[in-house]
1. On the given criteria, is B:His252 touching a residue at least 60 places away in the same chain (Cβ under 8 Å) and either surrounded by fewer than 23 Cβ atoms within 10 Å (Cβ to Cβ) or not small (Gly, Ala, Ser) (or both)?
2. In segment B:437-451, which residues are more than 7 Å from chain A (Cβ to nearest Cβ) and within 17 Å of B:Gln292 (Cβ to Cβ)?
3. Could you please tell me which pairs satisfy a Cβ distance under 7 Å, a separation of 6+ or placement on different chains, a first residue in segment A:120-143 that is at the interface with another protein chain (Cβ under 7 Å from one of its Cβ atoms) and over 22 Å from A:Asn96 (Cβ atoms), and a second residue that is polar (S, T, N, Q) and part of a loop (DSSP other than H, G, I, E, B)?
4. Could you tell me whether B:Lys284 is basic (Lys, Arg) and part of a helix (DSSP H, G or I)?
5. Do we have any residue at all in segment A:93-101 that's assigned to a helix (DSSP H, G or I) and either more than 20 Å from the chain's Cα centre (by Cα) or within 10 Å of chain B (Cβ to nearest Cβ) (or both)?
6. Answer with yes or no whether B:Tyr348 is under 27 Å from A:Arg213 (Cα atoms), in contact (Cβ under 8 Å) with a residue 12 or more places away in the chain, within 9 Å of chain A (Cβ to nearest Cβ) and among the aromatic types (Phe, Trp, Tyr).
7. Of all the helices (runs of 4 or more DSSP H) wholly in segment A:356-428, which have at least 1 residues that are surrounded by fewer than 24 Cβ atoms within 10 Å (Cβ to Cβ) and of a type in the set (Gly, Ala, Ser)?
8. Tell me the residue from B:Lys150, B:Lys107, B:Lys194, B:Lys189 that is more than 10 Å from chain A (Cβ to nearest Cβ) and surrounded by fewer than 18 Cβ atoms within 10 Å (Cβ to Cβ), please.
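The values are calculated or read from the model by the stated rules, or taken from the named source; none is laboratory data. Values in this document were obtained by computation on a predicted structure and should not be read as measured data. Using ideal geometry, Cβ is built from the backbone for each residue, glycine included, and neighbour counts are taken over all protein chains shown.
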Protein chains: 2
Amino acid sequence: MNLRMDYNNVLSSRIGKEGITQADFDALKPAAEKASQTMADNRPAMKWRELPYNQAEIVAGIKAYAAEMKDGIDAFVVLGIGGSALGPMAVQQALNHPFYNELPREKRTANGAADSFPKLYVVDNVDPERLVYLFQTIDPTRCLFNVISKSGSTSETMSQFMIIKALLEERLGKEAARKRIVCTTDKEKGNLIKIAKEEDYKYFIVPDGVGGRFSQLCPVGLLPAAFCGIDIGGLLEGAAQMDERCKSPCIHENPAYMFAALHVMALNKGKNVTVVMPYADSLKFISDWFAQLWGESLGKHFDLDGNVVNVGQTPVKALGVTDQHSQVQLYAEGPYDKMIVLLGVDEYRETITIPKLYEDMPSLGFLGGVTHNDLIKNEQLATEYALTKSGRMNMTLTLPRVTPQTLGQLLYFFEVATAYAGYLLNIDPFDQPGVEEGKNATYALFGRPGYEAKKAEMDAAPPKDDKYVM
Amino acid sequence: MNLRMDYNNVLSSRIGKEGITQADFDALKPAAEKASQTMADNRPAMKWRELPYNQAEIVAGIKAYAAEMKDGIDAFVVLGIGGSALGPMAVQQALNHPFYNELPREKRTANGAADSFPKLYVVDNVDPERLVYLFQTIDPTRCLFNVISKSGSTSETMSQFMIIKALLEERLGKEAARKRIVCTTDKEKGNLIKIAKEEDYKYFIVPDGVGGRFSQLCPVGLLPAAFCGIDIGGLLEGAAQMDERCKSPCIHENPAYMFAALHVMALNKGKNVTVVMPYADSLKFISDWFAQLWGESLGKHFDLDGNVVNVGQTPVKALGVTDQHSQVQLYAEGPYDKMIVLLGVDEYRETITIPKLYEDMPSLGFLGGVTHNDLIKNEQLATEYALTKSGRMNMTLTLPRVTPQTLGQLLYFFEVATAYAGYLLNIDPFDQPGVEEGKNATYALFGRPGYEAKKAEMDAAPPKDDKYVM
């Protein structure tokens with residue numbers, strides 16, 4: 001079962017003047033060849049590319065730990081933000097029951113396994129209401145908290161950890177509290193590994209060369225998934241299958257490179273927005289995960305030669321058919337500023353049939369005997385038709401079914417595409433220098449030692465004018 | 001308690017060359033005056049503007065019905081899509097417990113009332129897995145289903161209704177099933193009012209002149225809210241307060257007009273994207289609701305004079321601080337193609353303090369004794385500072401607290417702003433002609449009588465080339 005990509009509808013032969021032409025492909029060729037070479041040269045440094053292959057022992061360790069711990073807890077709680085949160089949420093939504101946390105324990109049996117699994121919560125914000133309300137919902141002493149921070153200095157995650165550590169130690173005592181915390185962090189750098197070793201927490205390692213948004217297939221994503229009964233080996237198998245399909249340096253033989261190339265050509269033609277619109281509830285959060293991957297990797301001030309480029313393409317999250325009633329008006333009639341990626345599924349996990357009723361009412365009668373499977377599929381095809389007819393660039397990715405393998409393919413596909421798009425744009429897809437300013441300003445506002453100069457700079461900024469407050 | 005808008009950071013005096021200048025305001029003046037006149041002229045037709053004033057009887061009817069029914073059901077289930085779903089979800093998320101459906105009944109006591117309330121589900125997609133999985137989670141015979149469709153011909157909603165009607169009649173018999181369905185629809189047009197009258201369902205009316213995306217403050221949104229214990233009178237009071245603040249025809253005295261004017265000037269300067277980024281979990285789904293309102297209202301092919309304009313601004317949903325770790329890199333370093341609207345809260349409903357721990361670790365020590373309230377607020381200010389420093393257009397809306405009144409203000413503010421932005425752009429903010437093509441193509445694919453010509457047109461489209469499928 002393989003992910004398919006259909007890009008007929010980005011071509012000028014089908015959508016007219018806004019489409020991609022042979023001349024566009026020809027113009028991209030030198031950059032594409034250079035980017036392919038860079039991808040090959042840099043592969044050893046891109047450690048996330050090896051995750052499908054080098055984790056047999058790690059997977060075994062994760063599974064053993066999950067098996068040991070899962071029956072003693074009600075919930076597995078991720079403390080993480082960015083890639084540490086978006087990946088776990090996307091995989092859980094894709095592969096488990098959509099009302100997973102609302103089911104009684106005995107029904108939380110992922111993939112038909114005889115075992116049952118704890119609830120999953122992902123705490124990815126510091127809204128002060130979040131933890132308070134969470135602990136009105138679940139008993140924190142019956143949870144296992146997974147603190148995920150590669151650097152160990154992520155303020156949001158580490159502050160949550162500090163609150164929870166104190167709470168658990170107060171309620172359970174130090175020794176029992178210790179067993180309720182598991183860390184995922186760097187093997188030697190930063191505070192969290194130091195704390196984990198000193199306080200004797202169980203920990204898993206984020207490998208070198210695996211950045212936050214490329215970390216779903218390492219313990220960052222695998223540990224929460226394993227605790228919810230997800231076949232993590234299957235995810236990695238799928239990633240390996242996709243890696244195999246992405247071996248060629250030629251965009252015409254490499255689907256991830258082609259996805260990237262089409263997007264970069266679209267960007268060059270003024271499409272500064274890309275919409276990812278899954279036609280499946282289960283894939284809804286893939287859009288959120290992709291939005292970080294694509295937005296943070298490609299949105300850059302400088303290129304690799306030090307020129308100011310201010311490049312990037314803004315990812316937009318949508319859901320079919322739902323957003324046909326919300327966003328498609330804009331997509332079909334608004335500016336020609338978008339690539340729209342429909343993400344379909346051949347076979348859903350359930351079938352539901354509309355009964356034959358109201359046969360005398362034309363707008364209802366035709367629905368009788370039809371399945372929702374047919375309805376969602378035909379609406380997807382109809383949206384594709386309408387977008388194409390109005391000359392809007394669109395393409396379709398299709399998963400035969402949503403399984404650990406096909407999901408692993410999809411995640412790895414997007415990762416390779418993102419890296420390649422970065423090199424096509426001649427920027428570094430793996431850094432995020434633009435978030436430092438905000439972090440430093442936060443430290444300055446709290447008066448953290450060492451940030452006095454930043455504080456002085458902020459204090460010296462011209463004051464706001466009340467005239468512009470209404 | 002009033003919504004505040006601070007637009008200092010859209011001005012060139014603060015962000016430099018990408019900012020709005022006095023010349024931009026001067027250039028907009030004729031269009032602004034014309035739009036203000038159109039708003040005044042069209043006010044009688046914009047029936048959504050009167051919803052804060054003319055619903056005393058309707059509110060009483062909704063409250064009485066909710067009081068009568070709520071204790072006999074486990075869950076209130078909205079069958080609706082687009083405005084019929086996004087509004088109810090946004091209000092529920094804003095005002096009720098974030099884990100509302102997971103709480104035991106006795107804890108589902110909104111606003112400290114002694115009463116308890118049913119769960120709320122919103123079924124806004126036809127993914128075949130959705131209803132199947134929902135009914136593995138709740139017993140459909142213990143639910144009240146609210147079928148919301150003004151036209152009565154929304155395929156998604158009506159097909160759900162048909163499935164559920166058959167299921168309820170089979171399990172409960174016709175008479176008991178009848179009491180498990182309540183309709184919200186047009187007072188005379190379409191199938192649903194006809195069905196409601198013939199089959200004797202309770203129903204509420206969507207008033208004339210109130211389109212889907214402007215319907216949250218009519219029974220479409222008020223009925224689900226009332227069933228969850230939300231003070232719907234407070235929502236309407238807040239809307240009236242905002243209406244009072246939006247009386248002036250002058251943008252400098254009318255915050256909603258100013259919001260619209262700033263966005264249109266931004267659009268004219270190439271900002272084809274607007275990000276709404278609440279710094280509060282409770283306001284997360286306001287971004288989704290706004291995305292429909294802004295996207296569907298302003299994304300248009302023709303202007304009011306029949307010229308092809310393909311205008312529109314793409315709304316992007318974000319969440320602070322979470323998306324600082326996902327999207328802010330792009331916002332701060334990528335193209336100058338965005339307006340960023342931060343949506344803050346002065347006072348959260350809870351306070352949580354970080355304990356003093358790890359004082360010897362600089363990146364953790366400064367957090368000791370700080371509250372998450374301070375952390376989220378300072379991160380918001382730091383993001384604002386970073387965006388401003390990098391010359392990115394940003395503005396801040398602030399709610400003193402999230403209450404029914406301030407939420408009503410915010411919803412009404414966005415509605416007025418959207419309508420005014422439409423007239424500034426010289427387009428019709430109230431239609432959505434671009435969704436017809438997709439609907440008709442769906443009918444054609446199902447062979448619905450009357451759509452033979454569309455089917456023939458689709459069949460005549462050039463076939464796809466397998467060469468472009470990978």
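1. Numbers: touching a residue at least 60 places away in the same chain (Cβ under 8 Å): no; either surrounded by fewer than 23 Cβ atoms within 10 Å (Cβ to Cβ) or not small (Gly, Ala, Ser) (or both): yes.
Criteria not met by B:His252.
2. B:Lys439 - this is the single residue of segment B:437-451 that is more than 7 Å from chain A (Cβ to nearest Cβ) and within 17 Å of B:Gln292 (Cβ to Cβ).
3. If the second residue must be polar (S, T, N, Q) and part of a loop (DSSP other than H, G, I, E, B), the pairs left are A:Pro128/B:Thr351.
4. Working: basic (Lys, Arg): yes; part of a helix (DSSP H, G or I): yes.
Considered against the rule, which asks whether it is basic (Lys, Arg) and part of a helix (DSSP H, G or I), B:Lys284 comes out as yes.
5. Residues of segment A:93-101 assigned to a helix (DSSP H, G or I): A:93-95, A:100-101.
Still in the running and either more than 20 Å from the chain's Cα centre (by Cα) or within 10 Å of chain B (Cβ to nearest Cβ) (or both): A:100-101.
Within segment A:93-101, one or more residues are assigned to a helix (DSSP H, G or I) and either more than 20 Å from the chain's Cα centre (by Cα) or within 10 Å of chain B (Cβ to nearest Cβ) (or both).
6. Details: under 27 Å from A:Arg213 (Cα atoms): no; in contact (Cβ under 8 Å) with a residue 12 or more places away in the chain: yes; within 9 Å of chain A (Cβ to nearest Cβ): yes; among the aromatic types (Phe, Trp, Tyr): yes.
No.
7. Details: elements: A:362-365, A:372-389, A:404-424.
Counting at least 1 such residues, we get A:362-365.
8. Numbers: B:Lys150 fails: surrounded by fewer than 18 Cβ atoms within 10 Å (Cβ to Cβ); B:Lys107 fails: more than 10 Å from chain A (Cβ to nearest Cβ); B:Lys194 fails: more than 10 Å from chain A (Cβ to nearest Cβ).
From the options B:Lys150, B:Lys107, B:Lys194, B:Lys189, the qualifying one is B:Lys189.
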